[in-house]
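Only one structure is covered here, and it is reproduced in the block below.
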Amino acid sequence: MATLDGTVALVTGASSGIGEATARRLAAEGAAVAVGARRVDRLERLVAEIADAGGTAVAIEADVAERAQAEDLVERTVRTLGRLDTVVNNAGVMLLGPALDAPIEEWERMVDLNVKGLLYVAKAALPHLLKFADEGPRMVTDLVNISSVAGRRARSGSAVYNATKFGVGAFAEALRQEVTERHVRVSLVEPGAVATELASHNRPEVLEAIKGRFGEIERLEADDIAETISFIVTRPRHMAINEVLVRPTEQQG
């Protein structure tokens, strides 16, 4: 029997990178998985791969930066799969560069997705997580929020991204204190450099700066973070992993 048999997980930002890898990992642990993102064609391929491996998954197109879509994503997950035990709040964007020259639209997109989108999903999911923590099969539920090393260390050229990720950390810890006695575990995962599409949305000059910053270090893979998330949500009921910072061995800052 797999650890998450009989449970349902929702993963946002699941069309690539950490979200995609996490959906596969949770499905392999026995969870039925709802995968949410804007790129529905990628979600459908992921669902087919999970099904081919013997798992259960459904694709739900959603931009969680839009409150109505975030709420609908949660409600459709519960309506389709019957419950909600695990939420991985992964959707996010990293748009870097000097604040002085940054397009304000980049700042707005980061705040809308990294902060407001995460809050919308959490708000919609919490009543379900509280309910199903009392109804088994594991008698505990999980809200995992994906932050970054940028949520711990401010750096020139990352001002607004830092602001969003510091905010995620503060929200996660305060919320944890509210609901932990009701067996809803709130966790924060802070990856360092990971080989995903995340940096690719930056302007060309910013991409060059990112390459220079990390040089030739061996970056983490999305599966490394998925394994970390799986570890968090498969712990026994009495054990909560509140915060995990995961860097490549060679990354200094």
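The values are calculated or read from the model by the stated rules, or taken from the named source; none is laboratory data. Quick caveat: nothing in here was measured; it's all calculated off a predicted structure. Neighbour counts are summed over all protein chains in view; Cβ atoms, including those assigned to glycine, are modelled from backbone coordinates with ideal geometry.
For region 1-14, which positions are modelled with pLDDT under 95 and touching a helix residue (DSSP H, G or I) at 6+ places or on another chain (Cβ under 8 Å)?
Scanning region 1-14 gives a single hit, 2.
If residue 102 satisfies all but one of (1) surrounded by 17 or more Cβ atoms within 10 Å (Cβ to Cβ); (2) of a type in the set (A, V, I, L, M); (3) modelled with pLDDT of 95 or more, what's the number of the condition it fails?
Every condition holds for residue 102 apart from (3).
Can we say residue 87 is within 15 Å of the chain's Cα centre (by Cα) and at pLDDT below 95?
It is false that residue 87 is within 15 Å of the chain's Cα centre (by Cα) and at pLDDT below 95.
Test residue 127 against the criterion of being of a type outside the set (A, V, I, L, M), without any contact (Cβ under 8 Å) to a residue 12 or more places away in the chain and within 19 Å of residue 86 (Cα to Cα), and give yes or no.
yes
Applying the selection to region 32-86, what residues are within 16 Å of residue 4 (Cβ to Cβ) and charged (D, E, K, R)?
Passing the criteria: 83, 85.
Taking the criterion of being at pLDDT below 70 and of a type outside the set (Gly, Ala, Ser), would at least one residue in region 177-197 satisfy it?
Yes, some residue in region 177-197 is at pLDDT below 70 and of a type outside the set (Gly, Ala, Ser).
Being surrounded by fewer than 18 Cβ atoms within 10 Å (Cβ to Cβ) and of a type outside the set (Lys, Arg) is true for just one of 53, 32. Which residue is that?
Residue meeting the stated conditions: 53.
Among the residues of region 60-69, is any within 22 Å of residue 137 (Cα to Cα) and either out of contact with any Asp or Glu (no Cβ under 7 Å at 6 or more places or on another chain) or not small (Gly, Ala, Ser) (or both)?
No: zero hits.
Looking only at region 1-22, which residues are in a loop (DSSP other than H, G, I, E, B) and under 24 Å from residue 137 (Cα atoms)?
If the condition is that a residue be in a loop (DSSP other than H, G, I, E, B) and under 24 Å from residue 137 (Cα atoms), then 1, 2, 3, 4, 5, 6, 7 are the ones that fit.
So that you can scan it fast, the table gives a plain yes or no per residue for (1) on the phi < 0 side of the Ramachandran plot; (2) part of a loop (DSSP other than H, G, I, E, B); (3) surrounded by 20 or more Cβ atoms within 10 Å (Cβ to Cβ); (4) over 18 Å from the mean Cα position of the chain (by Cα):
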{"residue": "24", "(1), (2), (3), (4)": "yes, no, yes, no"}
{"residue": "42", "(1), (2), (3), (4)": "yes, no, no, no"}
{"residue": "48", "(1), (2), (3), (4)": "yes, no, no, yes"}
{"residue": "95", "(1), (2), (3), (4)": "yes, yes, yes, no"}
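Can you name every residue in region 137-164 that is in a loop (DSSP other than H, G, I, E, B) and either in contact (Cβ under 8 Å) with a residue 60 or more places away in the chain or closer than 13 Å to residue 84 by Cβ (or both)?
Scanning region 137-164 gives 137, 138, 139, 140, 152, 153, 155, 157, 158.
For (1) among the acidic types (Asp, Glu); (2) modelled with pLDDT of 95 or more; (3) under 19 Å from residue 146 (Cα atoms), each residue gets a yes or a no:
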{"position": "20", "(1), (2), (3)": "yes, yes, yes"}
{"position": "23", "(1), (2), (3)": "no, yes, yes"}
{"position": "33", "(1), (2), (3)": "no, yes, yes"}
{"position": "42", "(1), (2), (3)": "no, yes, no"}
{"position": "61", "(1), (2), (3)": "yes, yes, no"}
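Restricted to region 50-89, and to residues that are acidic (Asp, Glu) and not in a loop (DSSP other than H, G, I, E, B), which residue is farthest from residue 119 (Cα to Cα)?
52
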